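This report concerns only the one structure given below.
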Amino acid sequence: MRVSVDRDRCCSSGMCVLNVPEVFDQDEDDSLVRLRQTSFRPDQFGDIRLASQLCPGGAITVVEDEPAQA
Ligand code: SF4
(Lines give C-alpha, C1' and ligand atoms only; values in the text may rest on other atoms or scores of the structure.)
Protein backbone atom coordinates (compact mmCIF):
# COMPACT_ATOMS: atom_id res chain seq x y z
CA MET A 1 0.00 0.00 0.00
CA ARG A 2 1.15 3.49 -0.86
CA VAL A 3 -0.33 6.53 0.84
CA SER A 4 0.04 10.17 -0.10
CA VAL A 5 -1.44 13.33 1.31
CA ASP A 6 -2.26 16.54 -0.55
CA ARG A 7 -1.69 19.44 1.81
CA ASP A 8 -3.42 21.79 -0.67
CA ARG A 9 -6.67 19.87 -0.13
CA CYS A 10 -6.31 19.39 3.65
CA CYS A 11 -8.68 21.54 5.70
CA SER A 12 -7.02 20.67 9.03
CA SER A 13 -10.01 18.81 10.42
CA GLY A 14 -7.74 16.40 12.24
CA MET A 15 -9.98 13.39 11.67
CA CYS A 16 -7.13 11.32 10.24
CA VAL A 17 -4.99 12.05 13.28
CA LEU A 18 -7.81 11.06 15.61
CA ASN A 19 -8.40 7.81 13.70
CA VAL A 20 -4.83 6.71 12.96
CA PRO A 21 -2.39 8.78 15.05
CA GLU A 22 0.55 6.51 14.33
CA VAL A 23 0.26 7.25 10.60
CA PHE A 24 -1.03 10.82 10.38
CA ASP A 25 0.08 13.97 12.13
CA GLN A 26 -0.69 17.67 11.86
CA ASP A 27 2.01 20.27 11.33
CA GLU A 28 2.57 22.36 14.44
CA ASP A 29 2.70 25.57 12.40
CA ASP A 30 -0.16 25.31 9.91
CA SER A 31 -2.13 22.27 11.23
CA LEU A 32 -1.99 20.64 7.80
CA VAL A 33 -1.61 16.90 7.53
CA ARG A 34 1.75 15.15 7.49
CA LEU A 35 2.58 11.48 7.16
CA ARG A 36 4.50 9.98 10.05
CA GLN A 37 5.40 6.81 8.16
CA THR A 38 6.43 5.92 4.62
CA SER A 39 5.64 2.22 4.83
CA PHE A 40 2.63 0.62 6.42
CA ARG A 41 1.86 -2.65 8.17
CA PRO A 42 -1.01 -4.81 6.95
CA ASP A 43 -2.80 -4.37 10.26
CA GLN A 44 -2.93 -0.60 9.56
CA PHE A 45 -4.45 -0.90 6.08
CA GLY A 46 -8.10 -0.92 7.17
CA ASP A 47 -7.73 2.14 9.37
CA ILE A 48 -5.83 4.00 6.63
CA ARG A 49 -8.50 3.20 4.04
CA LEU A 50 -11.18 4.43 6.43
CA ALA A 51 -9.24 7.64 7.14
CA SER A 52 -9.03 8.25 3.39
CA GLN A 53 -12.76 7.70 2.96
CA LEU A 54 -13.62 9.98 5.89
CA CYS A 55 -11.26 12.84 5.02
CA PRO A 56 -13.52 15.83 4.30
CA GLY A 57 -10.99 17.34 1.90
CA GLY A 58 -10.27 14.19 -0.08
CA ALA A 59 -6.64 14.81 0.78
CA ILE A 60 -5.57 11.22 1.46
CA THR A 61 -4.87 8.98 -1.51
CA VAL A 62 -4.41 5.24 -1.06
CA VAL A 63 -2.94 3.10 -3.81
CA GLU A 64 -3.22 -0.62 -3.24
CA ASP A 65 -0.32 -2.88 -4.21
CA GLU A 66 -0.83 -5.10 -7.21
CA PRO A 67 -1.33 -8.75 -6.26
CA ALA A 68 1.76 -10.87 -6.87
CA GLN A 69 1.78 -12.67 -10.20
CA ALA A 70 1.90 -16.47 -10.03
S1 SF4 B 1 -8.78 14.22 7.69
FE2 SF4 B 1 -8.16 15.14 5.73
S3 SF4 B 1 -8.65 17.30 5.93
FE4 SF4 B 1 -8.60 16.43 8.00
S5 SF4 B 1 -6.48 16.77 8.73
FE6 SF4 B 1 -6.57 14.72 7.81
S7 SF4 B 1 -5.93 15.04 5.67
FE8 SF4 B 1 -6.49 17.05 6.50
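The values are calculated or read from the model by the stated rules, or taken from the named source; none is laboratory data. What you are looking at is a predicted structure, and each value in this text was computed from that prediction instead of being measured. Here the Cβ is made from the backbone with ideal geometry for all residues, glycine too, and neighbour counts use every protein chain on show. Note: accessible area is taken over every heavy atom of the protein model, side chains too, but ligands, DNA and RNA are not part of it. Shrake-Rupley method; radii C 1.70, N 1.55, O 1.52, S 1.80 Å.
Quick notes on this structure:
- For ILE60, the shell of other residues with beta-carbons less than 12 Å away shows a net charge of +3, using +1 for Lys and Arg and -1 for Asp and Glu.
- Remark: spin-label model distance GLU28-ASP6 equals 2.9 nm, labels positioned 7 Å along the Cα→Cβ axis.
- Counting protein heavy atoms only, the stretch 2-63 has 46 percent of its accessible area on carbon and sulfur, 1.4 angstrom probe.
- Computed [θ] at 222 nm, deg cm²/dmol, the chain (DSSP H ≥ 4; -39,500 (n - 2.57); rounded to nearest 500): -5500 deg cm²/dmol
- For the chain, the share of alpha carbon pairs falling in successive 5 Å distance bins from zero is 3, 18, 32, 24, 12, 6, 3, 2, 1, 0 percent.
- Across the stretch 44-52, coupling constants 3J(HN,Hα) worked out from phi with the 6.51/-1.76/1.60 Karplus curve, θ = phi - 60°, read 9, 4, x, 5, 5, 4, 5, 4, 5 Hz, and Gly and Pro carry x.
- Here the simple spin-label model places points 7 Å from the Cα toward Cβ, and for PHE45 and ALA68 these points are separated by 1.3 nm.
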